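**Student:** Sharing a structure, written as structure tokens. Questions coming.
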Amino acid sequence: MDALVIRNPELLADALRGLSQTPKRMEPKWFYDAEGSALFERITELPEYYPTRTETAILSAGAHRLASHVPEGAELVELGSGASVKTRLLLDRLEGLSAYVPVDISASFLKETARRLASSYPRLPIRPVAADFTRPLRLDDEGHPRVGFFPGSTLGNLDPDGARALMRGVRDWPGIRGFIVGIDLIKDEETLVRAYDDAAGVTAAFNLNLLHRMNREIGADFDPDRFAHRAIWNADKARIEMHLESLAAQSVQIGPRTIRFAKGETIHTENSHKFSPESFALRAAEAGWRLADFLTDEAQMFGVAVLAPV
């Protein structure tokens, strides 16, 4: 294969590793190229997709209560900050912050977000950090308290070991005083599945875009029309699973390797773990935290947990 076709060697390595496993899988971080990010923004606006609007309402209504858990002079560190839209609900209440530190894997996007925030909050030091938050994050010991912020239920996309490792990593930050985390709550199966398999097919396009991306960036020859989006509630593991199901027996060329699919075989592309307040408190305790406060909506669809170090 022409080496010039391989635009993304890291994606190629992950694809060869994940699609050679049984069952086949891909890391969900590969959803988010420009097209995938745009599709996800559309997902957050769908009537079936309750998490974004519900969490935003909780943060808006509970901003003052959350602010009471942030010490004067603290640094607020947000993981996977994106456009920092929800963060503004807190920043408007936190006049005594020493700094806001948005952490995101996209350096160019992060730079633009920091520029906009600096314009909106001219007295607040904005110190962006371009990094993959799933890997250990090194923060200097500057002698002031820190509070982590991780909205959006992204913690639920990590496997249990990965979630514990991330929470332990935040627990070890110098000066850590708290961690504010968004979590999606267990609810009826119909509501959960609809949120990940919407009637307009936007989530299906988001999932299938992973195949288009591999075609574009690593020279694969997937035919996306021969795969279908599936969203499944796994009650035993309290998670929604997203899969791409092969509609026929077929072979796909990826780099130097031919990957064979049986009819009905799937690529497991994402998990979204759901919690009760009690199960999340147990998960947090394993990483050195206690549940200090818990905010939810009237229908108990979503939760914002405030953790304090033990």
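The values are calculated or read from the model by the stated rules, or taken from the named source; none is laboratory data. These figures come from a predicted structure and were not determined experimentally. Cβ sites come from the backbone with ideal geometry, for glycine too, and all protein chains shown count toward neighbours. For the accessible areas, the whole protein counts, side chains as well, though only heavy atoms, and no ligand, DNA or RNA atoms are used. Shrake-Rupley method; radii C 1.70, N 1.55, O 1.52, S 1.80 Å.
**Student:** Keeping every protein chain present and rolling a 1.4 Å probe, give me the accessible area per residue for region 190-292 in Å².
**Tutor:** Ligands and nucleic acids excluded, the figure is 42 Å² per residue.
**Student:** Just to be sure I understand, if you calculate mean projected area of the Cα convex hull in nm² for this structure, which of (i) 15.2; (ii) 16.2; (iii) 18.4 do you get?
**Tutor:** Read-out taken from this structure: (ii).
**Student:** Is any residue of region 61-99 close enough, with backbone N under 17 Å, to a label point placed 7 angstrom from the Cα of D140 along the Cα-Cβ axis, and if so, which?
**Tutor:** 74-77, 98-99
**Student:** Just the number please: accessible area per residue for region 1-145, 1.4 Å probe, all protein chains included, in Å².
**Tutor:** Per residue, region 1-145 has 56 Å² of solvent-accessible surface.
**Student:** Rounded to the nearest 5, what % of DSSP beta bridges with both residues in the chain are antiparallel?
**Tutor:** 60 percent
**Student:** Okay, moving on. What dipole magnitude, in Debye to the nearest 20, does the chain give about its Cα centre under +1 on Lys/Arg Cβ and -1 on Asp/Glu Cβ?
**Tutor:** 500 debye
**Student:** Counting only protein heavy atoms and using a 1.4 Å probe, what share of the accessible area of region 167-245 belongs to carbon plus sulfur, as a whole percent?
**Tutor:** That share works out to 43 percent.
**Student:** Can I ask one more? Scan region 116-223 for GluC sites (Glu not before Pro) in coil per DSSP, keeping those whose Cβ has at most 15 other Cβ atoms within 10 Å, and list them by number.
**Tutor:** Passing both the DSSP loop test and the Cβ count: E142.
**Student:** Right, here's the next one. Could you list the GluC sites (Glu not before Pro) in region 1-72 that lie in coil according to DSSP, counting only those with at most 12 other Cβ atoms within 10 Å of their Cβ?
**Tutor:** E45, E72
**Student:** Okay, next question. What number, in percent, do you get for the relative contact order of region 6-140 if the mean sequence gap of Cα pairs under 8 Å and at least 6 apart is divided by its residue count?
**Tutor:** 16 percent
**Student:** Find how many whole Å separate the alpha carbon centroid of region 107-134 from the alpha carbon centroid of region 19-72.
**Tutor:** Spelled out, the Cα-based centre of one part sits 19 Å from the other.
**Student:** Which of the lysines could a cross-linker bridge to K274, judged by Cα under 29 Å and excluding same-chain residues fewer than eight apart?
**Tutor:** Reachable lysines: K24, K29, K86, K187, K237.
**Student:** How high is the relative contact order of region 76-126, given as a whole-number percent (alpha carbon pairs under 8 Å, six or more residues apart)?
**Tutor:** 43 percent
**Student:** Right, something else. At 1.4 Å probe size, what's the solvent-accessible area of S60? Round to the nearest 10 Å².
**Tutor:** 70 Å²
**Student:** Tell me the relative contact order for region 216-276 as a rounded percent, counting alpha carbon contacts under 8 Å between residues six or more apart.
**Tutor:** Here the relative contact order equals 33 percent.
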